[in-house]
Amino acid sequence: MTTVDLLFRNGSLFDGDRHRPGRAVGVRAGRITAVVAEQEADDLVGRGTRVVDLAGGLLLPGFQDAHVHPVQGGLERIRCDLSELGTREEYVAAVADYAARNPGSDWVCGGGWAMPAFGAGGPTAALLDAVLPDRPVFLPNRDHHGAWVNSAAMRAAGIDRGTPDPVDGRLERDADGTPTGTLHEGAMALVQRLVPAPDVADYDRALAEAQAYLHSVGVTAWQDAILGDYAGLDDPAPTYQRAVAAGRLTARVRGALWWDRARGLEQVVDLLERRERFTGGRLVAGSVKVMQDGVAENYTAAMTRPYRDGCGGHTHNAGLSFVDPELLAEAVTRLDAHGFQVHVHAIGDRAVREALDAVAAARRANGTTDGRHHLAHLQVVHPEDRHRFAELDVTATVQPLWAAYDEQMVELTIPFLDEAAVAWQYPFGDLARAGARLAAGSDWPVSSPDPLAGIHVAVNRRLHGETGRAGSEAFLADQALGAEQAFAAYTSGSARVNHLDETGRVAPGLLADLVVLDRDPLVAPAEEIGAARVRETYVDGEQVFIR
């Protein structure tokens, strides 16, 4: 038996599909060369072999995030980062502290606040004015579909009682119509256009910060869900290119080029050029991202049934389809014919149906292709559409952390969804039973990028470590995944979506993108999955993180 450069032993293996206790894995020249029983591991040891003692832990393929925004997340981490906080008092104190530590900045920017901390009306400018009355503040929330601003920011933007709502957004207002400081969807642009843009150094630092953070939670590859100008930030593609050229990009990145919903099919020519220009090294810009609807919390997710008003009464609002369904079908068909993968943001069941209809149109026109199209988020999926994922070979890319009774679900979602739609949320179990391929992602910085936290919720349908209703009751428990299914979604499932066929599994000949956990959560009770931690992360057999 040939000796190896790197040997993992004394633990268990999850190979991307199933749990295999008592297996050792050997790596040579960046590739897996052996998967053997523990008693055969001594035969792999040579003079230069480095042995990693798993100490009863688990070795598995590197996690892959199929829907994430790393540069955006990295910028928040190096600015006024609110993502690890949870109350309005903590948010206000953090803003005051950041402003005091950065007296030379004309604006205070960052973000990551959670809507439940403020209720349905959102945060107010008055809260920020109390600590920062003169310097403008612009803070997107965690889902980046809304922003919190102070009075100085609204004055700078000329926002007052007479300012109309934009066609693609809304200003939160008080009883007399005065804007209160929360901007929804397209209304964010009224202020965001004035925010000083990050410079090249900021973007490079943000990607470095994001990559280090993602490696620390075991992520070795990802799909950046927006390569393009969006939410007031520059296209991150040049940032990736600089990292590739400098040898700083250790992760493997699939880039999803942004579909501009203000344009039509003429932009396909531009997307073809951008795919060519931004593909190189560890970056492949082979996908196109279409945002078909908004989010349920501000009633812009596209539903088949109208929203309720919070008191049980039905409204006439069923959300927004951002791209006309006929145009969407034409676009997906054209993109599929050009070899693009199409990646669709679809939260509401109407958006899901429109996206599936578009893929069906592409299948009729083009036949079977290797586009590996996927729909992300899938908060509400109509029961009649669940079987279509397998029939159309569309991957269901899920964000498991959202499938729990957290404050956002209890306070801002369930009271406003149609009664039937409440029970149609995050149907991971039904999708798997219907034969759908599953991939997983975080949508970070919308929510934590930690795959173990997501896997915990996918299996338990509750958050790890929470108490009260948010933690003690499983959310639609019959939609839970088995532990192996959830681990597979974050490894082999996402690897397939990312077109990274030499990763996502542990088998001889594949690339040695690997993660070591400090325990084996596949032999512990399911309730303890979230307690596991990443100990080491490897890309091409090279260590990129150690705790």
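With viscosity set to 1.567 mPa s at 4 °C, what whole-number translational diffusion coefficient in µm²/s follows for region 71-192 from Stokes-Einstein and a Kirkwood radius over Cα pairs? All intermediate terms of the calculation are to be shown ahead of the outcome.
Working: Rh = 14.2 Å.
Translational diffusion coefficient: 91 µm²/s.
Most exposed first by the Cβ proxy, i.e. fewest other Cβ within 10 Å, how do Phe63, Phe322 rank? Working shown, then result.
Details: Phe63 32, Phe322 20.
By the 10 Å Cβ count, ascending: Phe322, Phe63.
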About the Cα centre, and with charges only on the beta carbon of Lys, Arg (+1) and Asp, Glu (-1), how big is the dipole of the chain? Nearest 20 debye, please. 1020 debye
Classify region 138-257 from the C-alpha gyration tensor, please: rounded if a/c falls under 1.5, else prolate or oblate depending on whether a/b exceeds b/c. prolate
Taking neighbour counts of Cβ atoms within 10 Å as a proxy for exposure, in what order, fewest first, do Tyr213, Tyr405 appear? Tyr213, Tyr405
Burial ranking of peptide ranges 296-307, 386-397 (average Cβ count within 10 Å, highest at the top): 296-307, 386-397
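Which GluC sites (Glu not before Pro) from region 485-532 combine a DSSP loop assignment with at most 15 other Cβ atoms within 10 Å? Walk me through the numbers before you get to the answer.
Numbers: sites: Glu502, Glu527, Glu528; in loops: Glu502.
Here the sparse-neighbourhood loop sites are Glu502.
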Residues listed by number, region 403-443, amide nitrogen under 14 Å from Ala474 label point at 7 Å toward C-beta: 404-405, 428-430
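Test of the criteria: in region 36-97, which trypsin sites (Lys or Arg not before Pro) are in a DSSP loop and have at most 16 other Cβ atoms within 10 angstrom of their Cβ?
Of the trypsin sites (Lys or Arg not before Pro), the ones in loops of region 36-97 whose Cβ has at most 16 other Cβ atoms within 10 Å are Arg47.
Over the chain, what is the relative contact order in whole percent, taking alpha-carbon pairs under 8 Å and six or more residues apart?
Details: 1301 pairs, mean separation 97.2, N = 547.
Taking the mean separation of contacting Cα pairs over the length of the chain, I get 18 percent.
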So if each residue of separation counts as 0.36 nm, and I subtract the Cα-Cα distance between Arg263 and Asp53, what length gain in nm does that give? 70.1 nm
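R0 = 41 Å: FRET efficiency of Ala423 with Asp160, Cβ-based, nearest 0.05?
On the way: r = 43 Å, r/R0 = 1.04.
E between Ala423 and Asp160, to the nearest 0.05, is 0.45.
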Quick one: check the C-alpha center-to-center distance for region 277-324 versus region 395-410, whole angstrom. 15 Å
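If a/c stays under 1.5 just call it rounded; otherwise compare a/b with b/c (prolate if a/b is bigger, oblate if not). Do that for region 207-350, with a ≥ b ≥ c from the square roots of the Cα gyration tensor eigenvalues.
On the way: a/c = 2.81, a/b = 1.57, b/c = 1.79.
Oblate, since a/c reaches 1.5 and b/c is not below a/b.
In what order do His373, His145 fall by count of nearby beta-carbon atoms within 10 Å, going from fewest to most? Spell out each step's value before the answer.
Details: His373 26, His145 23.
Least to most surrounded, the residues fall as His145, His373.
Show that you can apply the helix-only estimate: for the chain, add -39,500 (n - 2.57) for every DSSP H stretch of four or more residues, divide by all residues, and state [θ] at 222 nm to the nearest 500. Could you put the intermediate results ahead of the total?
On the way: 17 runs with 147 residues, N = 547.
Mean residue ellipticity, 222 nm, calculated: -7500 deg cm²/dmol.
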Percent antiparallel among DSSP beta bridges with both residues in the chain, to the nearest 5? 50 percent
Taking a ≥ b ≥ c as the square roots of the Cα gyration tensor eigenvalues, with a/c under 1.5 meaning rounded and otherwise prolate when a/b beats b/c, else oblate, which class fits region 280-332? oblate
Using only the alpha-carbon atoms, how far is helix 325-337 inclined from the longest principal axis of the chain? Give it as 0 to 90 degrees, nearest 10. 30 degrees
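State, as an integer percentage, the relative contact order of region 71-192 based on alpha-carbon contacts under 8 Å between residues 6 or more apart. It would help to have the intermediate numbers written out before the result.
Values: 216 pairs, mean separation 25.7, N = 122.
Relative CO of region 71-192 lands at 21 percent.
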Computed over the chain: longest principal axis from alpha-carbon atoms vs helix 349-366 long axis, angle to nearest 10 degrees, is 60 degrees
Nearest 10 degrees is fine. How inclined is helix 237-246 to the longest principal axis of the chain, computing both from alpha carbons? 40 degrees
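Go ahead and run the numbers for FRET between Glu38 and His338, Cβ-Cβ distance against an R0 of 45 Å, rounding to 0.05. Walk me through the numbers before you get to the answer.
Numbers: r = 49 Å, r/R0 = 1.08.
E(calc), rounded to 0.05, equals 0.40.
Here, each number is a calculation from the coordinates, and none is a lab measurement. The structure displayed is predicted, hence computed values, not measured ones. Cβ: placed from backbone, ideal geometry, glycine included. Neighbour counts: every protein chain shown.
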